[in-house]
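What follows draws every value from the coordinates through simple rules; no lab data is involved. Keep in mind it's a predicted model, so treat the numbers as computed, not measured. All Cβ positions, even for glycine, are placed from backbone atoms using ideal geometry, and neighbour counts span all protein chains on display.
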Amino acid sequence: MGIFFSKKKNVSRVTEQDKAVLQLKQTRDKIKQYQKRIEQSIEKERQIAKKLIEKGQKDRALLLLRKKKFQEQILSKTDSQLDNLERLAHDLEFAQVEIKVIDGLKVGNTALKKLNDVLSIEDIEKVMDETREGVEKQNEINEVLMGTLTDEDEAEAEAELDALLALDSQETIPEVPQEIQLPNVPEELPTKEKESAKKKKEEKIEEPIALEA
């Protein structure tokens, strides 16, 4: 069983308007080239007529000047035709832009219509009403809960809050590691302090004896 592969035809994106604009621009360029040749011919014949006049050949010079005048008339007509061609090409290009704008508006209007069909006014109002009812119901529940609490319940709730705050503050205080052992307080005085205290005690004992003598 054979397998047939279908080749997709390349769809040309060049429209008839594009071809018309291209043809107008090509004609315009040809007319400009023609004008350039006429201008060169006019200048050349003017120079030749000038030399003929210097040689005294006025009849031939007059003939060339008549030919030059005829070519100048043709050049003037081509200027008018060139202006018409450029205006027509511009109008065609602008028309293409307008077509694209219109097509874009059509697509946008179609999309907007579909969106409006999905989000109708009735559906939006229904959603808003349901949301409003949900909020009102939640507020009623909160009011009922607040109304069932006594003063004692409020006091216990506040006390529990204070306890949680105190516990949180204790957890933030760093603890001293158990491995660190603080030095013990010495029970006996150093040797020098012992001798000083003994000497002061003996002086107190001897002082009454001296008074009796």
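Modelled label positions at residue 39 and residue 73, each set 7 Å beyond Cα in the direction of Cβ, lie 2.2 nm from each other. A cut-off under 12 angstrom between Cβ atoms defines the neighbours of residue 26, and their net charge, with Lys, Arg +1 and Asp, Glu -1, is +4.
Of the peptides 93-99, 157-163, the order by per-residue mean of other Cβ atoms within 10 Å, starting with the highest, comes out as 93-99, 157-163.
Here residue 31 and residue 114 are evaluated by their C-beta separation; at R0 = 41 Å the FRET efficiency comes out at 0.20. A full extension of the chain between residue 125 and residue 46 corresponds to an added length of 19.7 nm, given 0.36 nm per residue minus the alpha carbon distance. Using C-alpha pairs below 8 Å separated by at least 6 residues, the relative contact order for the range 21-120 is 36 percent.
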